[in-house]
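Chemist: Please see the structure below; I have some questions.
Throughout, read-outs are computed from the coordinates displayed, never taken from laboratory work. The structure displayed is predicted, hence computed values, not measured ones. Please note: Cβ atoms are built from the backbone with ideal geometry, for glycine as well, and neighbour counts cover all protein chains shown.
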Amino acid sequence: MAGPSQEDRAQRAFRVAQEEWRRALESHRLAPPDAGFSARLAGLASAAELEAAACREADAAGFEWPPHRASANKPPYELQPGTGRRGPEELWRVFDAAVAELNRAATGTDLIEVAAAYEALAAAAGELSSGVEREDRASGLLPRARARRSA
């Protein structure tokens, strides 16, 4: 008996990625400004990577991206400029540019363009997560990481 078709696999991967993306965004929506911020950013980076992979798989199966209105893709409050968000400002500029590019790409139908935009957002959110974590450890909001001993 044959396994799932490429189309079935692509649709499943897309559903899984969309659910993970929804959960990652939801974690930011009502979050307090707490020590979990860097972890939420890391989760967003991971979800964006899943979205990118699902888009590439869907493209290979012959699908097109269903266009969205750019205004529908506004990030949750704690990720928006002017909200007192923590972290290195230069990394926030990269993140904001990646969000803008995803919003632009999402208005078209090219899955590879959308995948590339998700990949850029994943990289920006990952760097931002690391930057916020470093600042939070330095400020004492997160405990200092233990030094690793060499074997």
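Chemist: Can you compute log10 of I(q)/I(0) for segment 28-96 with the Debye formula, treating each Cα as one identical point scatterer, at q = 0.17, 0.19, 0.20, 0.27 Å⁻¹?
Modeler: The Debye formula, applied to the Cα set alone, gives -0.79, -0.92, -0.98, -1.31.
Chemist: Quick one: which residues, 5+ away or cross-chain, put their amide H under 5 Å from the amide H of His68? H built at 1.01 Å from N.
Modeler: Thr107, Gly108
Chemist: On to the next question. For the chain, what is the convex hull volume of its Cα atoms per residue in Å³?
Modeler: On the way: hull volume 22.0 nm³, N = 151.
In the chain, the Cα hull volume divided by residue count equals 145 Å³.
Chemist: Ok, one more. If you plug each phi of segment 12-17 into the Karplus form 6.51 cos²θ - 1.76 cosθ + 1.60 with θ = phi - 60°, what whole-Hz ³J(HN,Hα) values come out, in order, with x for Gly and Pro?
Modeler: In residue order, the calculated couplings are 5, 4, 5, 4, 5, 5 Hz.
Chemist: Counting pairs of alpha carbon atoms under 8 Å apart in space and at least six apart in sequence, what relative contact order in percent does segment 1-114 give? It would help to have the intermediate numbers written out before the result.
Modeler: Working: 95 pairs, mean separation 37.1, N = 114.
Reported relative contact order: 33 percent.
Chemist: Would you list Arg29, Arg56, Arg134 from fewest to most Cβ contacts within 10 Å? Please report the intermediate quantities before stating the final value.
Modeler: Working: Arg29 11, Arg56 19, Arg134 15.
Result, fewest neighbours first: Arg29, Arg134, Arg56.
Chemist: Next question. Of the candidates Ala60, Ala24, Ala98, which one comes out as most mobile in a Gaussian network treatment of the chain with C-alpha springs shorter than 10 Å?
Modeler: Residue with maximal mean-square fluctuation among Ala60, Ala24, Ala98: Ala60.
Chemist: When the helix-only estimate is applied to the chain (DSSP H runs of n ≥ 4, each -39,500 (n - 2.57), divided by the residue count), what is the mean residue ellipticity at 222 nm, nearest 500 deg cm²/dmol?
Modeler: About -22000 deg cm²/dmol.
Chemist: Something else now. Between Asp34 and Arg12, what is the label-point separation in nm under the 7 Å Cα-to-beta-carbon projection?
Modeler: 3.5
Chemist: Which residue, Ala120, Ala58, Ala35, has the most motion in a Gaussian network model of the chain that connects Cα atoms within less than 10 Å?
Modeler: Maximum fluctuation in the GNM of the chain, among the listed residues, is at Ala35.
Chemist: Count charges around Ala13 for me, please; just the other residues with Cβ under 14 Å from its Cβ, Lys/Arg as +1, Asp/Glu as -1. Spell out each step's value before the answer.
Modeler: Numbers: positive: Arg9, Arg12, Arg15, Arg56; negative: Glu7, Asp8, Glu19, Glu20, Glu49, Glu51, Glu57, Asp59.
Taking every Cβ under 14 Å from that of Ala13, the sum is -4.
Chemist: Apply the Karplus curve 6.51 cos²θ - 1.76 cosθ + 1.60, θ = phi - 60°, to the phi angles in segment 94-111 and return the couplings in whole Hz, x for Gly and Pro.
Modeler: Listing the rounded values in order: 5, 4, 4, 5, 5, 4, 4, 5, 4, 4, 5, 4, 5, 7, x, 10, 7, 5 Hz.
Chemist: What ³J(HN,Hα) values, in whole Hz, does the Karplus curve 6.51 cos²θ - 1.76 cosθ + 1.60 give for segment 42-54 when θ = phi - 60°, with x put for Gly and Pro?
Modeler: Taking θ as phi minus 60°, the curve returns 5, x, 5, 4, 5, 5, 5, 4, 4, 4, 4, 5, 5 Hz for segment 42-54.
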